[in-house]
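Got a structure for you, questions after.
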Amino acid sequence: MNQICKICKKKSETEICLECSKPKPKFYYDVKIETMLPATLTYRILAEDPQQAVDLIKKMQPNSVSYKLIGRKDLKLRVYEAGCSIIKLMLNILK
């Protein structure tokens, strides 16, 4: 008696064919994310496909971070004395 597999819709002897019941092989994926900071985050993920790798990085810490200091853009620069509080700096500016 031939039935149709529920997953792949092919004819098989059981409800789920042997190809669909085997676990999918997992591969290591390197996921690199360029952020608004001048840095690139790198993750190494063991997943079945690239989409699953993207879903898994949301819960993990990056394996490495590489900074690109040459391409940075300084928006605001502030210099403080070591151990100085911001209140002391503001008082000096208001005088």
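Any residue in segment 36-50 that is acidic (D, E) and more than 30 Å from C8 (Cβ to Cβ)?
no
How many residues does segment 56-85 hold that are under 9 Å from the mean Cα position of the chain (by Cα) and either surrounded by 11 or more Cβ atoms within 10 Å (Cβ to Cβ) or modelled with pLDDT under 90 (or both)?
Number satisfying all stated conditions: 6.
The values are calculated or read from the model by the stated rules, or taken from the named source; none is laboratory data. Keep in mind that this is a model prediction, so the values were computed, not measured. Virtual Cβ from ideal backbone geometry, glycine too; neighbours counted across all protein chains shown.
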